[in-house]
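First the structure, in the form of structure tokens, and then the observations on it.
The numbers here are math on the coordinates, done by the rules we state, and not lab data. Fair warning: this is a prediction, and the values are worked out from it, not measured in the lab. A quick note on method: Cβ atoms are made from the backbone with ideal geometry, for glycine too, and the neighbour counts reach across all protein chains shown.
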Amino acid sequence: MDWRNFVENIGTWFNIFIEWYLEQPLYGQVLVIIGIIAVVVLVVTLVYYIIKGIAYLIYYIFKGIFYLLKYIGYGFYKLFEGFYLLVSGKSKSQTQKNTKINIQDNIPKDLRISLEYCIECGKRVTSNMKKRLQVKGIVFCVNCGARLRIDQDILSLSISY
């Protein structure tokens, strides 16, 4: 392809367009400019979404490959763990029983409700508030009005107003 002829053809067509453009009335020229701007915006938007789609495609391909390799490795791990348990003669429940620790069983009930200060205002909790917290599980701070509630199943102290 001869680039010199290509550039001359573009220049010729551009001159023809400029002559046609200048022959139009003023409202026609404005509409042509608005149309050109609209086409440019649409092309830029289209190119943006095409590039974004390609980036998402590459991202999800790599993510899929990662998960595929991860779970293939996890499968090999479980396979070798099964072979180990088979060869050693241990059962899976014995190995899990030794590693599982229940936090609730290790903490006495009195220590679960050892609240000395309000966690909202920082003032000292009264003895009446401690007793009510142990009995009811919920108390309102006498200083700031925050609702202190202890969940017996979970070691957490929640505050709400």
*Please arrange Trp20, Trp3 by counting, for each residue, the other beta carbons lying within 10 Å of its beta carbon, fewest first.*
Trp3, Trp20
*Fully extended, how many nm does the chain gain between Gln29 and Tyr59 (0.36 nm per residue separation, minus their Cα-Cα distance)?*
6.3 nm
*Counting Lys and Arg as +1 and Asp and Glu as -1, what is the net charge of the other residues whose Cβ lies under 14 Å from the Cβ of Glu81?*
+3
*Calculate, for Glu120 and Lys92, the FRET efficiency according to 1/(1 + (r/R0)^6) with r their C-beta to C-beta distance and R0 45 Å; round to the nearest 0.05.*
0.45
*So how much slack lies between Asn15 and Ser127, counting 0.36 nm per residue of separation and subtracting their Cα-Cα distance, in nm?*
31.0 nm
*Ordering of 126-134, 21-29 by packing [mean C-beta count within 10 Å, highest first]*: 126-134, 21-29
